[in-house]
Amino acid sequence: MPLFDFPLEKLKAYEGINPRPADFDAYWERALEEMRAQDPQVECRPASAIALDGLACYNLFFTGVGGARVHAKYLKPLNVSEPHPAVLKFHGYSGNSGDWHDSLAYALAGYSVLAMDCRGQGGLSEDAGGVRGNTHAGHIIRGLDDPDPHNLLFRNIFLDTAQLARIAMQLPEVDPKRVGVLGGSQGGALTLACASLEPKIRLAASTYPFLSDYLRVWEMDLAKDAYSEITNYFRLFDPRHERKTEVFTKLGYIDIQHLAPRIKAEVLMFTGLMDTICPPSSQFAAFNKITSPKNTIIFPDFRHEHLPGANDTVFNFMMKLKKMP
């Protein structure tokens, strides 16, 4: 089998190389305090989306940290007992929450579904701005030149996922003890971030997660495609790499591998061993730090692409919520 990254046995032991800031835990505790103090001002607007008896659709909006209004598509099954399970869905980088139809299988199974638009990307969520320094391109480097690391944009996006989970758990129709999260690529990263910041999440299905072990990606010369803004940042703002350690340490605040030990949910991860967008070692850097029950499903010949049968496996995994106490 061809390889461009570590062999599988080494992947299973790899611990990542991107620096972890010394005040990482305090940083996220302050962030969570800010999120909890934020009045979400939840608003649900009926949407004429899916013409199906027994289903209600809403555009749900809430106020995230920094005052941005964040949007999620909300599908609510009507002909099931309450409270019932819920699933939160997160999308890929620069995308959006997708079509209503994309969430229909879970709703037909009797689950409430909330699919979030990441702020400033392809959906209806706002990017409230207000950051100092470079905004040339990309959300990974948004806020990197701001003296306050709390202005990193992905810090706020991570918090949006946890805030959406709290909102879902407070809905009268949802059982707060039976909530799962899922997504691929950026959505896979947000799945792990959400499960780390909201410990009541029970199941997390992450497909080839993004936003992990930035230094490893850069050293593999794979800071291109989804990670290209890291290379562009150095070329434009630090061409001699005089601030390399500072830059990667600051990125460590929004590196999911450092959040992973907080996860209490059962985790299912999918990895293609030929993935040159989110290389396997960067994914395992996060997976190997998870201490809760976990499993990884390997696709040896696949890249950052559709993984045959993965969506069906995720669906069946999420059906476990129905039987949970």
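Please treat every number below as a calculation from the coordinates, not as lab data. Fair warning: this is a prediction, and the values are worked out from it, not measured in the lab. Using ideal geometry, Cβ is built from the backbone for each residue, glycine included, and neighbour counts are taken over all protein chains shown.
Pairs spanning more than 22 Å between alpha-carbon atoms, out of Lys264/Lys320; Lys12/Lys289; Lys200/Lys250: Lys200/Lys250. Take the chain, mark every one of the GluC sites (Glu not before Pro) that falls in a DSSP loop and has at most 13 other Cβ within 10 Å, then report the longest stretch left between them, sites excluded. Looking at the chain, 16-241 is the longest stretch - no exposed GluC sites (Glu not before Pro) with at most 13 other Cβ atoms within 10 Å. Ignoring the sites themselves, the chain has its longest run without trypsin sites (Lys or Arg not before Pro) in a DSSP loop having at most 11 other Cβ atoms within 10 Å at 1-131.
When each of Thr63, Thr291 is scored by the number of other beta-carbon atoms lying within 10 Å, the sequence from fewest to most is Thr291, Thr63. For the pair Glu9 and Arg240, the difference between a 0.36 nm per residue extended length and the Cα-Cα distance amounts to 79.6 nm.
Here the chain is treated with +1 on each Lys and Arg Cβ and -1 on each Asp and Glu Cβ, and its dipole about the Cα centre works out to around 620 debye. Projecting the Cα positions of Phe4, Gly16, Phe61 onto the charge dipole of the range 1-67 (unit charges on Cβ atoms of Lys, Arg, Asp and Glu, taken about the Cα centre) puts Phe4 furthest along the positive direction. Ellipticity at 222 nm from helices only: DSSP H runs of n ≥ 4 in the chain, each -39500 (n - 2.57), divided by the residue count, give -8500 deg cm²/dmol.
Please report the net charge: other residues with Cβ closer than 13 Å to the Cβ of Leu268, K and R +1, D and E -1.
Details: positive: Arg202, Lys294, Lys320; negative: Glu266, Asp312.
Net charge in that neighbourhood comes out at +1.
What does the charge count near Tyr58 come to, summing +1 for each Lys or Arg and -1 for each Asp or Glu among other residues with Cβ under 11 Å from its Cβ? Before the final figure, lay out the partial values.
Numbers: positive: Arg45, Lys73, Lys76; negative: Glu43.
With Lys, Arg at +1 and Asp, Glu at -1, the neighbours total +2.
Its relative contact order, with pairs defined as Cα atoms under 8 Å and 6+ residues apart, puts the chain at 19 percent.
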